[in-house]
Amino acid sequence: MHRPSDGFVMLQLTETEKLLEVFRNKDLKPEDGMVLLALIAHTNRLNGHIRVTADELGESLGRTGKHVSNSLARLTKNHLLRRIKDERGGGSFYALNPWMVECGESRFRGYLRKRFQEA
């Protein structure tokens with residue numbers, strides 16, 4: 001599915017406040033916040049899929065793919081990101097924590113929540 005060029009996602013305030021706590025406790029580094037924002041920018045607002053590589057994110061952020069991969073690992077460790085295998089055979093995609101970042105119709109949100117928990 002082609003990613004729409006515009007649109008919006010919803011950020012849940014309570015979950016965002018919890019995210020600030022994770023940064024304050026130094027479980028995440030400041031550059032992880034930059035990667036998180038880049039992931040949000042690459043989110044398909046219709047279904048929540050993020051089909052981007054660490055190298056592509058790094059290129060858009062002026063960082064190496066290795067630095068971005070380290071950030072992705074920390075975001076995953078802190079339950080903010082998951083790599084999900086597409087059940088329809090379309091490879092895999094990233095998904096942000098669907099309780100923090102919501103997008104798409106309710107059927108897509110339910111699907112992402114289920115898959116996020118499984119991953």
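Quick notes
- Restricting attention to the stretch 91-108, the residues that are of a type in the set (S, T, Y) and touching a strand residue (DSSP E or B) at 6+ places or on another chain (Cβ under 8 Å) add up to 2.
- The stretch 41-90: number of residues that are touching a strand residue (DSSP E or B) at 6+ places or on another chain (Cβ under 8 Å), touching a residue at least 40 places away in the same chain (Cβ under 8 Å) and over 22 Å from G110 (Cβ atoms): 2
- Within the stretch 1-60, the set of residues being among the small types (G, A, S) and open to solvent by 80 Å² or more (accessible area, probe 1.4 Å) comprises just one member, S5.
- Residue count for the stretch 55-88 under the criterion of being in a helix (DSSP H, G or I), in contact with a helix residue (DSSP H, G or I) (Cβ under 8 Å, 6 or more places away or on another chain) and of a type in the set (V, I, T): the result is 1.
- R45 falls short on exactly one of the conditions (1) part of a loop (DSSP other than H, G, I, E, B); (2) more than 23 Å from C103 (Cα to Cα), and that condition is (2).
- Residues in the stretch 92-107 that are exposed (fewer than 14 other Cβ atoms within 10 Å of the Cβ) and either touching a Lys or Arg at 6+ places or on another chain (Cβ under 8 Å) or at pLDDT 95 or above (or both): S92 only.
The values are calculated or read from the model by the stated rules, or taken from the named source; none is laboratory data. Just so we're clear, the structure is a prediction, and the values are computed from it rather than from any experiment. Glycine gets a Cβ as well: all are built from the backbone with ideal geometry, and neighbour counts include every protein chain shown. Each accessible area value is taken on the protein alone, full model and side chains, heavy atoms only, with ligands, DNA and RNA left out. Shrake-Rupley method; radii C 1.70, N 1.55, O 1.52, S 1.80 Å.
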